[in-house]
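Working notes, structure below.
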Amino acid sequence: MLFTHLSFEVKAGEALLITGANGIGKSSLLRLLAGFLKPFLGQIERLGRLAFADEALALDRHMSLQQALAYWAALDGFSGAEKDAMRIMALDKLAESPVRLLSTGQRKRAVLARLLASRAAIWLLDEPANGLDKASIMALLRMIEKHRDKGGVVLAVSHQGLDMADYATLSLEDFRSKNNHQSVFFDFDDESAAF
């Protein structure tokens, strides 16, 4: 990952779409923001609880979908939140299905249901539309819009683009290091509502 002098702020109710060529570090940037990786230089400031959604399912394959989502909702402190999230993502009819039997699109909707049930203020979405049909993409966009209307923050990486209303774009091409130093710099304003 080769970023230099990358600095941005995302406030309550805002969305940021992160763009760039394959391999430039879009997913790594989300992992840095989530705290899974540490920046070599600089700081990351997050004000609010966050949830990270990527291609990894992170649900116990041997549980039913309801049980697996309920487990995470309870850990997040929102027991029962999975039921509404399953309904929103059109998974309620699959509640008793074992996670291991879900299709690619169903697994992706399960990831998004887990995100929704977390009730986190900050959503980090890595290719959220991958594997989704048109109806599920529309549900995702409605979910994002409602989250933002409540003051939530969305940072997304998407090759397909996301038809979100009123969002900013950050092109990582603009911050690519010219001298092969592997440094990452983030600077978030203390006044921002979510970061």
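If a/c stays under 1.5 just call it rounded; otherwise compare a/b with b/c (prolate if a/b is bigger, oblate if not). Do that for the stretch 93-151, with a ≥ b ≥ c from the square roots of the Cα gyration tensor eigenvalues. Verdict is prolate for the stretch 93-151.
Ignoring aspartates and glutamates fewer than eight residues from residue 93 along the same chain, the ones with Cα atoms less than 19 angstrom from its Cα are 60, 82, 84, 133.
Against the main long axis of the alpha-carbon atoms of the chain, helix 104-118 sits at an angle near 80°. Taking a straight Cα-Cα cut-off under 29 Å and skipping sequence neighbours fewer than 8 places away in the same chain, the lysines within cross-link reach of residue 38 are 11, 26, 108, 178.
Each pair of Cα atoms in the stretch 137-180 enters the Kirkwood radius, and Stokes-Einstein at 37 °C and 0.692 mPa s then converts it into a translational diffusion coefficient of 265 µm²/s. Highest GNM mean-square fluctuation among 135, 58, 113, for the chain modelled with Cα contacts below 10 Å: 135.
Here the spin labels are modelled as points 7 Å beyond Cα on the Cα-Cβ line, and at residue 49 and residue 61 they lie 2.9 nm apart. Hey, what angle do you get for helix 134-149 against the long axis of the chain, alpha-carbon based, 0 to 90 degrees rounded to 10? On a 0 to 90 degree scale, this one is about 60. Dipole size of the chain about its Cα centre, with +1 on Lys/Arg Cβ and -1 on Asp/Glu Cβ: approximately 620 debye, rounded to the nearest 20. With the alpha-carbon atoms of the chain aligned to their principal axes, the span from lowest to highest coordinate is 53, 32, 29 Å, starting with the largest.
A full extension of the chain between residue 137 and residue 100 corresponds to an added length of 11.1 nm, given 0.36 nm per residue minus the alpha carbon distance.
No lab work stands behind these numbers, since they all come straight from the coordinates. In this text, all values refer to a predicted model and were calculated from it rather than measured experimentally. Methodologically, a virtual Cβ is constructed for each residue, glycine included, from the backbone with ideal geometry; neighbour enumeration extends over all protein chains shown.
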